[in-house]
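Heads up: the structure comes next, in structure tokens.
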Amino acid sequence: MSDTHYGGILMIREELLKNVKLLINMHSVGLLGGEVMPEDILMGVVKEDDLMDVLTLGMALNYQRNSYKLWEAVLKAYQDKETKWIFNTKVAANSEIHILRETLLLHRVGLQPNRHPEIWQRVARGVVNSSKKGNVQGLIESVQYDIFPLKEIIQVTRKAEFPYLSGPKIFNYWLYVLESYTNISWSSRELITIAPDTHILKATVRLGLCSEEVLNGGAEDRKVVASAWETALKGTGLAPIDVHTPLWLWSRAGFPPLLEIQRKTFIST
């Protein structure tokens, strides 16, 4: 590799990191618009002791869904005393499947009458079978808050027990959400990769980190994007998941110009 080519790569990386830091700063001062995340709706309503289980079971159905509508439905079901039981992992794990189906469909937490109840119950059973506590807190305590063994359990050795949740996109975002909304402090935090949904793919392309080919959105495309962010942020002190929300909101806002945001950020500080 020539010195000129190597220097060009460094310049591209410096420009990328400059824009990433700008986006993070933009998010931190509330200039992105729509800064309320889907899961925020649970805060102050769902009890702290229930939050890990609610987030985990709800996240297991966060596949090809409108996230805002999903968590609105989750909150309705949690607030309804007739349906709140679905978030109790032990009860859900042992429920008659037809009763679970009717309850999940009532507030549209589940949309697919066969697949969604099956996923919900399998994840609940997977959680229950992971510790004496039989809840998500127990599962996480069993691996001592270390992402490495948790990843091994959910994505490898017991993958069949955690449908959807074991997928790379949902799994990593689940780790991030638990960290953001509960009192969890992960060991091996750097193992949380970015969760490449449609908005992340678009933002990654817009920043020039990947080509437009990844917008096809296939499993391999998402792996390429996740790997690209791991490489780009290595040694920066940022974990890939740290850029998820700024990128997601930037895309959702229609990619407002960075220079304009930079000027507003400067004025606001």
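The values are calculated or read from the model by the stated rules, or taken from the named source; none is laboratory data. The structure displayed is predicted, hence computed values, not measured ones. FYI the Cβ positions are ideal-geometry reconstructions off the backbone, even for glycines, and counts take in every protein chain you see. To get the accessible areas, we keep the full protein, side chains included, count just its heavy atoms, and leave off ligands, DNA and RNA. Shrake-Rupley method; radii C 1.70, N 1.55, O 1.52, S 1.80 Å.
So, with a 1.4 angstrom probe, what is the percent of accessible area on segment 65-171 that is carbon and sulfur? The computed percentage sits at 51. Note on segment 146-257: with charges restricted to the Cβ of Lys and Arg (+1) and Asp and Glu (-1), its dipole about the Cα centre is near 120 debye.
Ranking ARG13, ARG158 from most to least accessible surface, computed with a 1.4 Å probe over the protein chains only, gives ARG13, ARG158. Extension gain, VAL36 to LYS18, is 4.0 nm, computed as 0.36 nm per intervening residue step minus the present C-alpha separation.
On a 0 to 90 degree scale, rounded to 10, what angle separates helix 219-233 from the longest Cα axis of the chain? The helix 219-233 is inclined about 60 degrees to the chain. Once the 1.4 Å probe is applied to the protein heavy atoms, segment 147-240 comes out at 46 Å² accessible per residue. Around the Cα centre of the chain, unit charges on the Cβ atoms of Lys, Arg, Asp and Glu (plus for the first two, minus for the last two) sum to a dipole of about 320 debye. In plain terms, the chain from GLU213 to GLU141 could stretch by 21.9 nm, reckoned as 0.36 nm per residue minus the Cα-Cα distance. Going by accessible surface with a 1.4 Å probe and the largest first, TYR164, TYR63 read TYR63, TYR164. Estimated at 0.36 nm per residue, the fully extended path between PHE148 and SER28 surpasses their Cα-Cα distance by 40.3 nm.
Tell me, what % of the accessible area of segment 174-219 is carbon and sulfur with a 1.4 angstrom probe? Don't skip to the end; give the middle numbers.
Values: 880 of 2070 Å².
Carbon and sulfur together cover 42 percent of it.
What the Cβ-Cβ distance of SER187 and GLU102 gives, at R0 = 45 Å and to the nearest 0.05, is a FRET efficiency of 0.65. Counting only residues at least eight positions apart within a chain, or on another chain, the lysines with an alpha carbon under 21 Å from that of LYS76 are LYS47, LYS84, LYS90. Centroid-to-centroid, using Cα positions, segment 199-259 and segment 170-188 are 19 Å apart.
With the alpha-carbon atoms of the chain aligned to their principal axes, the span from lowest to highest coordinate is 65, 38, 33 Å, starting with the largest.
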